[in-house]
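The values are calculated or read from the model by the stated rules, or taken from the named source; none is laboratory data. This one's a predicted model, so the numbers in the text were calculated from it and none came from an experiment. Here the Cβ positions follow ideal geometry from the backbone for every residue, glycine too, while neighbour counts run over all protein chains shown. Quick note on the areas: whole protein, heavy atoms, side chains included, nothing else; ligands and nucleic acids left out. Shrake-Rupley method; radii C 1.70, N 1.55, O 1.52, S 1.80 Å.
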Amino acid sequence: MNSKSSFRIDPMTKTLPIIDTVSALRQQVNAWRTQGHTIALVPTMGGLHEGHLSLVDLALQHSDRVIVSIFVNPTQFAANEDFSTYPRDIKTDAKLLQQRGAHLIYKPLSSEMYGAHETTRVIVGKIAQGLCGTSRPHFFEGVATVVCKLLCQASPDVAVFGEKDYQQLLVIRTMVRDLSIPTKIIGGKLIREADGLAMSSRNQYLTKSQRSKAPLLYKALQQVVDIVEKGHSVSQSIKAAKSQLTNQGFVVDYLELRDADTLDLVNKDTRPDARLRIFAAASLGKTRLIDNLAVSNLEP
Ligand code: PAF
């Protein structure tokens, strides 16, 4: 590494270098580019788990240097959401990233992301409506804005996002296409716990009894997919799955079958060759869980 650059092991975590300003990030990215390296960015909000680390693995397959950003982005949280309690543990995150082979943590100061006079927001449009866009109307504007900033700051060749947040992945792909951002967006597979629960930083909010019920969300999706693939009614199976979840204490936000590319609801006009996906969001107590699953061979 260039000894004159800001690329130094972080003295607090003693793991990876941690950079907190745009100028230091650009200096390092320029140094790597001069050395002929390609660069990947894995944007995260920290609270890292195996799902995030699998994205680092994917990033390492696509580039020579992997930057992981950790920033709990205030603009994607509504006032009543968990911004202040969102897991923040840089020592553990840095250790996990070092073990996994990431090269640099970008943990920007809030002032680097949202300066005193900033007013710009990125609104992506139709793909950000429906599903999480309905119940969290602020969310995708905040995500698109911060991801746009991160891509402009790091100018990576590739950026990796998980399919657990499937709508988010499509929102980001759409933004990158529409704004001609020269970064290739790569989607990483959703990673599950052994009992099927989709990994999420928010799973640590669950009480013991909520944690034991949480995999039922995935089971409900599997059940709908099974029934529907056997040719039975989509709406009946969704209705049954919703009421089972409600009986188990979930508050269901949505459970919907949609076109996996456009996110349009599936109906009689859906193309027969459309790829379909079932999406769910439901809360257990204060914890909101989301999940999704691909459907094959379906006659809508
Ligand atoms: O998926 C997340 O963790 C966040 O929404 C992201 C993409 C890092 C933007 O803050």
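Quick notes on this one:
- Full extension of the segment from Ser111 to Gln222, taken as 0.36 nm per residue of separation minus the current Cα-Cα distance, would add 35.6 nm.
- Solvent exposure of the chain as accessible area per residue, Å², 1.4 Å probe: 48 Å²
- In this structure Cys148 has an accessible area near 20 Å², from a 1.4 Å probe over the protein heavy atoms.
- Angle of helix 22-34 to the longest C-alpha principal axis of the chain, folded into 0 to 90 degrees and rounded to 10: 80°.
- All aspartates and glutamates inside 12 Å of Lys242 as judged from Cα atoms, apart from same-chain residues fewer than 8 positions distant: Asp253, Glu256
- Protection proxy ranking of 97-110, 27-40 - average other beta-carbon atoms within 10 Å, highest first: 97-110, 27-40
- Cα centroid separation, segment 20-66 to segment 235-300 (Å): 33 Å
- When the trypsin sites (Lys or Arg not before Pro) in segment 134-203 are filtered for DSSP coil states and for at most 14 other beta-carbon atoms within 10 Å of their beta-carbon, the remaining sites are Lys189.
- Counting only protein heavy atoms and using a 1.4 Å probe, the accessible area of Thr134 comes to about 100 Å².
- Checking the cross-link pairs Lys164/Lys184; Lys95/Lys213; Lys230/Lys268; Lys91/Lys208; Lys164/Lys213; Lys95/Lys164 against a 29 Å limit on the alpha carbon distance flags Lys95/Lys213 as lying beyond it.
- Sorting Met175, Met45 by solvent-accessible area of protein heavy atoms yields Met45, Met175, largest first, with a 1.4 Å probe.
- Degrees, to the nearest 10: 139-154 long Cα axis against longest axis of the chain: 30 degrees
- C-alpha long axis of helix 166-178 to longest principal axis of the chain, angle in °: 60 degrees
- Rh (Kirkwood; distinct C-alpha pairs) - segment 68-132, Å: 14.6 Å
- Helices in the chain, meaning DSSP H runs of at least 4 residues, each add -39500 (n - 2.57). Divided by all residues, the mean residue ellipticity at 222 nm is -11000 deg cm²/dmol.
- The chain - share of DSSP beta bridges that are antiparallel (%, nearest 5): 50 percent
- Exposure of Glu229 as accessible area (Å², to 10), given a probe of 1.4 Å and all protein chains: 70 Å²
- Highest-first packing order for the peptide set 220-226, 63-69 is 63-69, 220-226, based on the mean count of other beta carbon atoms within 10 Å.
- The share of accessible area on the chain that comes from carbon and sulfur is 51 percent, using a 1.4 angstrom probe.
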